[in-house]
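Peer 1: Sending over a structure as structure tokens; questions will come in a sec.
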Amino acid sequence: MKLGANVSVAKTGLLRAVEESESYRADTYMIYTRSNRGGAARPIDQFHRDESWARMREVGIDDPVVHLSYLVNLASERAETLEYGRMVLREEIKRVEYLGFRYIVMHPGSHVGAGTAVGVARIAQGLNEILTGEEKLWICLETMAGDGSKVGNRLEEIAEIIELVTHKERLAVCIDTCHNYSAGYDIVNDFDGFLATFDDVIGLSRLKVAHINDSRHPFAAGKDRHANIGRGSLGVEALRRIVRHEALQDIPLILETPGGHYRHEIALLRGETDELPPESAAASDGGE
Ligand code: FE
Ligand code: ZN
Ligand code: FE
């Protein structure tokens, strides 16, 4: 099991991310390389790549993930937004290749009223303009929580995007337990059924990253509000079953829960404690 959390790269870049991950006794981690409020990205050669990989090898932290800025929306109808999104994604591919990471997780996009079919087509077109097939990483489309203006609430929508992209060998998928449950996939009672559907619709070989979050809202609520592990509608037992599932043993499992209780929550998921973390105000991963 490779458990980790969404960690900071403030000041010392990856050195900070690794240090924070060590404090959680994590096996892996996820970062954002740039602010979700926009602005110029910090130069990637200031992230202390080589020292950090050396430290990661020493302490057994591996297979880190980058999450793309939320400001990227390849489904937008606004030319400026599209242009910005393409610029950031192109730049991010170069930055993440420099870091030597294998995954960029991205939200497929928001169609803002134009409808899912239009959104799917725009996202595929955007990816076709960017991907050359030479990338040394996978773009992992994240499954969404069921909000009507998002693309990617249903596995079929993700499959349609992949189908329309020329260099589909560079595409993969990131599931998010909060999102999937909220979108109406009953992964609490039937995670095997969900994976069987995933395999049918997309193919399990594309499952490369999973976000492990509890959900503030009940089943099928269509809302993206993450809760601390055991403090939401999924509960500890279901989330433990999920992180221990054989299909998820080789992929990074990343917590995006509020309040900074990652060390405790990772121990809880591993079964090292049964005590629940304190309850923190709900967070989203920016999907709203
Ligand atoms: Fe997520
Ligand atoms: Zn979320
Ligand atoms: Fe996300």
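Peer 1: Residue under question is Ile61, and the condition is that it be touching a residue at least 12 places away in the same chain (Cβ under 8 Å) and more than 15 Å from the chain's Cα centre (by Cα); does it hold?
Peer 2: Spelling it out, Ile61 is indeed touching a residue at least 12 places away in the same chain (Cβ under 8 Å) and more than 15 Å from the chain's Cα centre (by Cα).
Peer 1: Out of the range 226-257, which residues are in a helix (DSSP H, G or I) and open to solvent by 10 Å² or more (accessible area, probe 1.4 Å)?
Peer 2: Correct list: Gly235, Val236, Glu237, Arg240, Arg241, Arg244, Glu246, Ala247.
Peer 1: Considering only the range 183-201, I want to know if a residue exists there that is within 14 Å of ligand 3 (Cβ to nearest atom), open to solvent by less than 30 Å² (accessible area, probe 1.4 Å) and modelled with pLDDT of 95 or more.
Peer 2: So far as the range 183-201 goes, yes, one or more of its residues are within 14 Å of ligand 3 (Cβ to nearest atom), open to solvent by less than 30 Å² (accessible area, probe 1.4 Å) and modelled with pLDDT of 95 or more.
Peer 1: State whether the residues of the range 104-127 include one that is within 17 Å of the chain's Cα centre (by Cα) and either touching a residue at least 60 places away in the same chain (Cβ under 8 Å) or open to solvent by 40 Å² or more (accessible area, probe 1.4 Å) (or both).
Peer 2: Scanning the range 104-127 turns up at least one residue that is within 17 Å of the chain's Cα centre (by Cα) and either touching a residue at least 60 places away in the same chain (Cβ under 8 Å) or open to solvent by 40 Å² or more (accessible area, probe 1.4 Å) (or both).
Peer 1: Open to solvent by less than 40 Å² (accessible area, probe 1.4 Å), at pLDDT 95 or above, away from ligand 3 (no atom under 16 Å from the Cβ) and touching an Asp or Glu at 6+ places or on another chain (Cβ under 9 Å): is that true of Leu99 in this structure?
Peer 2: So Leu99 does not fit the description; no.
Peer 1: Turning to a different aspect of this structure: Scan Gly184, Gly203, Gly230 and give me the residue that is more than 14 Å from ligand 2 (Cβ to nearest atom) and under 19 Å from Met106 (Cα atoms).
Peer 2: Gly203
Peer 1: Let me ask something else about it. Might you let me know whether the range 164-182 holds any residue that is touching an Asp or Glu at 6+ places or on another chain (Cβ under 9 Å) and among the charged types (D, E, K, R)?
Peer 2: Yes: one or more hits.
Peer 1: Given the conditions (1) out of contact with any Cys (no Cβ under 7 Å at 6 or more places or on another chain); (2) open to solvent by 10 Å² or more (accessible area, probe 1.4 Å); (3) not aromatic (Phe, Trp, Tyr), which single one is not true for Lys208?
Peer 2: (1)
Peer 1: I would also like to ask the following. Among Glu135, Glu91, which is the only one that is under 17 Å from Ile162 (Cβ atoms), of a type in the set (D, E, K, R) and either open to solvent by 10 Å² or more (accessible area, probe 1.4 Å) or touching a residue at least 40 places away in the same chain (Cβ under 8 Å) (or both)?
Peer 2: Glu135
Peer 1: Cβ-Cβ under 8 Å, sequence separation 6+ or interchain: first residue in the range 245-273 and under 27 Å from Leu204 (Cα atoms), partner modelled with pLDDT under 95 and within 16 Å of ligand 3 (Cβ to nearest atom). Which pairs?
Peer 2: From the range 245-273, the pairs are Glu256/Ala283; Glu256/Asp285; Thr257/Ala283.
Peer 1: Is it the case that Ala79 is more than 30 Å from Glu19 (Cβ to Cβ) and among the aliphatic types (A, V, I, L, M)?
Peer 2: Against the criterion (more than 30 Å from Glu19 (Cβ to Cβ) and among the aliphatic types (A, V, I, L, M)), Ala79 qualifies.
The values are calculated or read from the model by the stated rules, or taken from the named source; none is laboratory data. All values reported here derive from a predicted model rather than from experimental measurement. Don't worry about glycine lacking a Cβ; one is built from the backbone with ideal geometry, like all the others, and counts go over all protein chains shown. Side chains included, ligands, DNA and RNA excluded: accessible areas come from the protein's heavy atoms. Shrake-Rupley method; radii C 1.70, N 1.55, O 1.52, S 1.80 Å.
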